[in-house]
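The values are calculated or read from the model by the stated rules, or taken from the named source; none is laboratory data. These numbers were taken from a predicted model, which means no experiment stands behind them. All Cβ positions, even for glycine, are placed from backbone atoms using ideal geometry, and neighbour counts span all protein chains on display. Ligands, DNA and RNA are stripped out before the accessible areas are found, and what is left, the full protein with its side chains, is counted by its heavy atoms. Shrake-Rupley method; radii C 1.70, N 1.55, O 1.52, S 1.80 Å.
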Amino acid sequence: MTWVDIANLRGLPGDAASLAELANRPKSTTASLAAGTNINTYHQQQHVGWWPFIAADVTGEPDGLGVALQMLEVIAPSPYAAVQRVHDRNARTTWERSIINVADNQWSSWRAFAMTDRVLSIMGIIGTSETVKGNVDDYFTAAHLGIWTLWAPYNTGIPKDTRGRCTLEVIRDSNGSIVQRLIERESGRSWTRTYSGGFNPWVELSSGPLQPFWNAVAKSKSQPVNVVVVGDSNSEGYGLVDNLSERWINKLQPALNRIGGNWQGAEWPFIPAKYNTTNPGNMPVELTGNYITGSYTWGFGWRTATLRDETSKAVFTFFGTSATVMYVEGINGGLMNIQVDDNPVVVVDTNSATTAASRLWNTGALPVGTHTVTVTWNSANAGSGDLVYLEGLLTWNNDETRGVRIIDASFTGRQLNDLTPERNNNLCRAMTQMGGVELVIVNLVTNDTRWDTPLDTYRANAEDLINQMRIYGLSVPVVFVVPFVGADHERSKLNTYGAILSNTASNFRGVHFVDLSLDMPKIPADRSLPEAQGLYIDALHMSNQGHTQFAGHMLRSLQGS
């Protein structure tokens, strides 16, 4: 197994460093590490904590470290992996490295990053006696950045069931917002919230990576819960020639709604402007005329279509009670015609000095029934320079304000290798524009395995998606999935990419890993053999029955986390 760098999550909700763990592990009992100490050996759980040292006295430290007193932070979530961070408190720089086989004592290279508004020692104490009380709601400015200790009974603004000794960490996230993280030191429970003119509600982080999602499902009778699935052809529905509603995502949605006690809701919560799959019939969108697709980075699944002239048309058909057109504004944007059923055409100007993806136009309430939304290029446009960039259509069926909806953000042929920072950024924008996202499932490993995506790129893209979500304030669980072993690749290769996803999940709070290849059988070269179990239509894709079984395994994996 290769050595890898752990992503820098410092300053983001769900930081990889567990302050609760630090509070309950032994710390150095001396003023500094003894002269001659090799910090390469500090990777066991008994080393977890903050260790002061003088650079000249130890070995193994990063090059360029100042001569003053430094701090070594050790995080060891298991006996087999550890993270070290060395903090130069004068230069305000932090180095980070990781080890995933402590028996070999081989560390990854040090990686430096500048510190911003970070205090590494106890900054103050809130509410140390009955006469000194504090309200943590008041800790939202740069003057409060740092680590604070408090005694729960004597403070306000904390989660209502917090007890005993606590640590409050006040940090600035990568988006510039003030974030609070509260850790109950005895139990290890932790909560986080962000300040934006006032604090958002506390979100508990410590009850398993998917607990926030299940908390949302439990409240889905009175609030919308959106699940976004980023996947390839097996999520988009390649090969399901009869009806795309046989996809596993369409079968998982009603199952989650039954758990929440809800109506099933829309059959097509999101319909892209153009599916990348080539299924011949029963598609909820028909795109005709002069259009362009395939190279855009906007929207759910990056399946935007450009309408170029009066011949181009997108017709969406759905059963429901309302819909929202998602489109892109930009300097080349033209006039867009939108017609709902036989109602008068509404003209929307998509021209803007700056590009703004995932803009929304809503139909308003519609009677329950089958509806069409037709989008065309307006003839008043000046010419080929005035284009309509159409991302797709969100639809609802009495689930506008409640229920679980699974948003298809898949693309046939997609690899994690394709998740560039630009695509990740636009996906996060689409999620925030839509709102209500409580879970993101990423099912992208099959094509990377087949086409040998560089492992460093694979890891970097997975980490970038998580980091960009957190920057956008999407502090929701992420699930990485390994589906099954296809007939044209080997388990050993699939395991290599799966190990990266598993390791990434272990390093990021709120990230979960599911290996369904342990439940779904490998696709044999001859799919008529009994071991295929009728679950596959070809060397890479599931049948209707396969999608049903896959949805069941996914549900059980989510529930068992």
Volume in Å³ per residue [convex hull over Cα atoms, computed for region 168-280]: 164
Antiparallel bridge percentage (DSSP; both residues within region 274-355; nearest 5): 90
Hz values of 3J(HN,Hα) by residue in region 391-400 - Karplus curve (6.51, -1.76, 1.60), Gly and Pro given as x: 7, x, 9, 8, 10, 9, 9, 6, 10, 5
Heavy-atom accessible area per residue - region 464-531, 1.4 Å, Å²: 36
The chain, relative contact order in percent, only Cα pairs under 8 angstrom and at least six apart counted: 13
Amide H partners (placed H, <5 Å) of Gly333, local residues excluded: Ser352, Leu387
Lysine-lysine proximity count for the chain, Cα under 19 Å, sequence distance 8 or more or distinct chains: 4
Dipole axis of region 472-561 (+1 Lys, Arg; -1 Asp, Glu on Cβ), positive-most option in Gly560, Ser543, Val481: Gly560
Heavy-atom accessible area per residue - region 338-394, 1.4 Å, Å²: 46
Nonlocal amide H pairs with Gly231, under 5 Å, H built at 1.01 Å: Ala409, Ser410, Phe411, Asn443
For region 474-485, 3J(HN,Hα) per residue [Karplus equation, 6.51 cos²θ - 1.76 cosθ + 1.60, θ = phi - 60°, Hz, x = Gly/Pro]: 8, 8, 10, x, 10, 10, 8, 10, 9, x, 6, 8
Residues whose placed amide H lies under 5 Å from that of Val437, excluding near-sequence neighbours: Asn226
Distance between region 435-499 and region 266-307 - C-alpha centres, whole angstrom: 23
For region 440-561, share of DSSP beta bridges that run antiparallel, in % to the nearest 5: 10
Principal axis dimensions, largest first and in whole angstrom, of the chain by Cα: 78, 58, 47
Percent antiparallel among DSSP beta bridges (both partners in the chain, rounded to 5): 75
Dipole of region 229-332 [Lys/Arg +1, Asp/Glu -1 at C-beta], most positive-end residue of Asn279, Gln253, Ser322: Gln253
Surface share of carbon and sulfur [accessible, 1.4 angstrom probe, percent] for the chain: 50
